[in-house]
Amino acid sequence: MTNSAVKTLSQLANHEEFIQRHIGPDAAETAAMLSELGVDSLEALIAQTLPADIRLKTPLATGPATTEANALAHIKKAASKNKMFKSYIGMGYHPTLTPNVILRNVLENPGWYTAYTPYQPEIAQGRLESLLNFQQITLDLTAMELASASLLDEATAAAEAMALAKRVTKSKSNQYFIADDVHPQTIDVVKTRAEMFGFDIIVGKAADAAAHDVFGALIQYPTTNGDIRNDSALIAQLQANKAIVAVATDPMALMLLKAPGQLGADVVLGSAQRFGVPMAYGGPHAAFFATRDAYKRSMPGRIIGVSKDRRGNQALRMAMQTREQHIRREKANSNICTAQVLLANMASFYAVYHGPVGLKNIAERIHRSTDIFAAGLKAKAIEIVNAHWFDTITFKVTDRAGVIKRALAAGVNLRTDVADTLAVSFNETTNSNDIAELFDIVLGTGHGLNVDALDAAIVKDGSKSIPADLVRNSSVLGHPVFNQYHSETEMLRYIKKLENKDLSLNHSMISLGSCTMKLNATAEMIPITWPEFGSLHPFVPRDQAQGYDEMISQLGDWLVNITGYDNISMQPNSGAQGEYAGMVAIRKYHESRGEGHRNICLIPVSAHGTNPATASMTSYEVVLVDCDKRGNIDMADLKAKAAEVGDRLAAIMVTYPSTHGVFEQNIRELCDIVHSYGGQVYMDGANMNAQVGLTSPGFIGSDVSHLNLHKTFCIPHGGGGPGMGPIGVKSHLAPFLPNHTVVNIAGTGASNGAVSAAPYGSAGILPISWMYIAMMGGEGLKQATEYAILNANYMANKLDPLFPVLYRGANDRVAHECIIDIRPLKEASGITEMDIAKRLMDFGYHSPTMSFPVAGTLMIEPTESESKAEMDKFIEAMSTIRAEIDKVVAGEWTVDNNPLAFAPHSMQDIFDPEWDRAYERQYAAFPASYVSENKFWPAVSRIDDVYGDRNLICSCPSPEAYR
Ligand SMILES: *Cc1c(COP(=O)(O)O)cnc(C)c1O
């Protein structure tokens, strides 16, 4: 006998599923929204929205949903297969001690990790300050004039330095020089980039650099084998021949070494990883980049600048190139969009925490360990290859294989990738027992060396391992911010103070179209700070990374299934980087077929700015394709352009659903047309959140796509990164996926170059996407997509009477986002989309995407994670704003004295003794009843963009300036 009212055990267990935590609307809200849309089921809505011919016929094969607890147990088991050896491999990656106050309050804190890139600076002053600190650290350590906030990794920063060199050099040469003692992965990435640009690379002895006619050169300081050379004469010689010289360096070494700027460098770059960011099997970490003021217009990435707000207060913002690619398109300095803000913030807090004295102490400790080790080897007549050192000793032993064997047996990794040498790089975690253990490993037991005795001798005689002329003679980090937060109480409060200035997903919906700001569930985030994932060096022997291998390959299989492709590369560490890897694969594919002459890339006018910027990185010429009045790609224009370029057609880059938020009906036809001319289809996967489980790029007929794992697959945006941009490809492109010079990647061409420093990009955050897919299962993923579409259509319908929805697809449905048109009201009232964006802050909301892809519009993407209740609050805000605009139109308020024109209202503004506004203070700050329950105060009032660009300041202002 069964009682149907009593649930079975498995039905009871289902009640605990993650899916309902990830998806915002409950059953009642779903019913209400469906009724608003006039459909009786989610399935009916989807049938109206997606073209029937692209609907998948089979369900996803990613398995059933798993509870949070089960998924965590499963991934813990995989993680435990990683072996946590001590790493002395170096090569730009070092063990570090993340200060716990930073670990818990930044890396593990949604207030920091769920924020978006600070495009709305009034509600992002916290991370802007932290990034400005990052720039200040870079400036102090490098002695350069201008620093940017962060780049993806050291190797790609080096590639950007080469691109900058070509932009600014007066040399006519097409050759670029790389010293052979630069890290191998850096050489690899720069070579790939040079091949795509059509530059010739010379790799040779640094000393010979000036013998070549080159437009630029890259050297490293200290070198990959640990040596420290004074290259100032070489730099001057190169510059005399009009070459632009980049120096790759190490921030910890620079605490003791003379700054590269003082040696004459034009560009200085490197990785900030060892400033408190775990190695995480290769990333994510932030790279730093600095150059001369004269090259500021050619600088890649973001620069944080100091400006002032409407009240004349100091205020920070992204300077000059805000959304550079969207303005300069294929002429952009770089395609970098998502970078590594969260990690730059961690590194910057690490410097704030330790201060100049603490950091110098750490650097000296590392240097002393190295000196002691070197002294021991010398005492035993072991040949040391490098004449000088900071943290690395490269040496030769007769029994190399035996030493490696002893090391592995002791759970120790040495650097072994160079055939006849071994190397050891010391780090912040090294203690005297570790040095003694290394002596045992290298010399065998019974060597008789004593670490304390060796240390005492160095203390007595002094160290000569840093050349006298290269000892740092300038002070660093003198700014107050690096000298006043050294107790944990002060540090905690500084972190919290900055966090409080930033609006993140833990406050309210961030409905940025194209950015997919969905839930970043806590369970997804938990594994990334496990040492089993965090402590691995990217170049460990393969058998030590079995847990990573297992997780990455399962995630890869799932993504293959979800995208309908055949292979996946996990190397690109952002979406734009994925675009680049995909275009490299396309170019190499054409070349392999003797069709290297194909050099045209079709791009719809509505494309995201990274698309044309990327196409130009593979030396493709961009030909724009028009859109029709409904926002769809103009098929007649596409056919005409394709016919016109004929067999020069290399590719099209197309986003689906389109950046207009519409499922275009003839996407299959588009693929066929491009293929018929021998071109390849690059489908930008940023909008996968509208596809997963319902259709797929591979099924539709494209050849390659990147996936923004930080959009659709739940990696948080981190305030502007990290991200991951793996690419899926059809099998014919698989042989052209990136490889890596240090770690061979199976299934791709052996001779292919790398696009990122680490073989699996920012592998350390892949567990987030793994957890998401595991907990949702195939059915849950499909449901997420359906709800993304439901929420967007609900929003479109409710907002349309207030602000007209610009584009709709079949049956008047939108995909997972919608664009509302501000232009007619702007015309009538003088109120702009910018005013609306700023006024939303008074309601506690971050603006939707502004003026992309259409100027004068807002693009809204609620995602599946937002409830109807939250969306209704936003709709109420928009309705109130509409009423405010109406008052301006009616002449009740003038165009420059109304709550929109003065938005956002900071607390200082509201409590200004002189209040001469045409509206009440109370209404300005609390424009809806729900606001008073959870008020978010913008830290400053509206920021003056023009002033900031005219008076560019990218370093920490002096304390006087703050007063
Ligand atoms: C976000 C986005 C990109 C770039 O991705 P990043 O990870 O930020 O580099 C490219 N195309 C579209 C349509 C996007 O929305």
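The values are calculated or read from the model by the stated rules, or taken from the named source; none is laboratory data. What you are looking at is a predicted structure, and each value in this text was computed from that prediction instead of being measured. Neighbour counts are summed over all protein chains in view; Cβ atoms, including those assigned to glycine, are modelled from backbone coordinates with ideal geometry. Side chains included, ligands, DNA and RNA excluded: accessible areas come from the protein's heavy atoms. Shrake-Rupley method; radii C 1.70, N 1.55, O 1.52, S 1.80 Å.
Summary of values
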{"item": "Meets criteria (in contact with a helix residue (DSSP H, G or I) (Cβ under 7 Å, 6 or more places away or on another chain), more than 15 Å from the ligand (Cβ to nearest atom) and either open to solvent by less than 10 Å² (accessible area, probe 1.4 Å) or at pLDDT below 95 (or both)) for Val625", "result": "yes"}
{"item": "Unique match (being under 24 Å from the mean Cα position of the chain (by Cα) and either open to solvent by 10 Å² or more (accessible area, probe 1.4 Å) or away from the ligand (no atom under 16 Å from the Cβ) (or both)) among Tyr548, Tyr589", "result": "Tyr548"}
{"item": "Gly582 within 18 Å of Asn708 (Cα to Cα), in the same structural domain as Met724 (by TED's automatic domain parsing), surrounded by fewer than 24 Cβ atoms within 10 Å (Cβ to Cβ) and within 16 Å of the ligand (Cβ to nearest atom)", "result": "no"}
{"item": "Tally of residues being crowded, with 24+ Cβ neighbours inside 10 Å and over 32 Å from the mean Cα position of the chain (by Cα) across region 210-237", "result": "1"}
{"item": "Selection from region 471-508 of residues that are touching a Ser or Thr at 6+ places or on another chain (Cβ under 8 Å) and among the hydrophobic types (A, V, I, L, M, F, W, C)", "result": "Leu498, Leu505"}
{"item": "Segments classed as helices (runs of 4 or more DSSP H), wholly inside region 469-567, with at least 2 members that are within 30 Å of Phe699 (Cα to Cα) and without any contact (Cβ under 8 Å) to a residue 12 or more places away in the chain", "result": "546-563"}
{"item": "Total residues in region 869-881, condition under 23 Å from Pro657 (Cα atoms) and open to solvent by 30 Å² or more (accessible area, probe 1.4 Å)", "result": "0"}
{"item": "Residue in region 654-695 that is farthest from the ligand (Cβ to nearest atom), counting only those that are part of a loop (DSSP other than H, G, I, E, B), of a type in the set (Gly, Ala, Ser) and under 19 Å from Ser865 (Cα atoms)", "result": "Gly693"}
{"item": "Subset of region 922-936 that is open to solvent by 60 Å² or more (accessible area, probe 1.4 Å) and either touching a Gly at 6+ places or on another chain (Cβ under 7 Å) or in a loop (DSSP other than H, G, I, E, B) (or both) - its residue that is nearest to Arg310 (Cα to Cα)", "result": "Phe926"}
{"item": "Meets criteria (of a type in the set (Val, Ile, Thr), touching a strand residue (DSSP E or B) at 6+ places or on another chain (Cβ under 7 Å) and at pLDDT 95 or above) for Ile768", "result": "no"}
{"item": "Residues located in region 516-533, provided they are under 24 Å from Ala115 (Cα atoms) and open to solvent by 10 Å² or more (accessible area, probe 1.4 Å)", "result": "Leu519, Asn520, Thr522, Met525, Ile526, Ile528, Thr529, Trp530"}
{"item": "Residue that is nearest to the ligand (Cβ to nearest atom) [pool: residues in region 704-731 that are open to solvent by 10 Å² or more (accessible area, probe 1.4 Å) and over 23 Å from Ala286 (Cα atoms)]", "result": "Lys730"}
{"item": "Flag for Tyr807 being open to solvent by 10 Å² or more (accessible area, probe 1.4 Å), more than 18 Å from Ala155 (Cα to Cα), outside any loop (DSSP other than H, G, I, E, B) and among the aromatic types (Phe, Trp, Tyr)", "result": "no"}
{"item": "Qualifying residue in region 604-618 (condition: buried (at least 24 other Cβ atoms within 10 Å of the Cβ), within 16 Å of the ligand (Cβ to nearest atom) and assigned to a strand (DSSP E or B))", "result": "yes"}
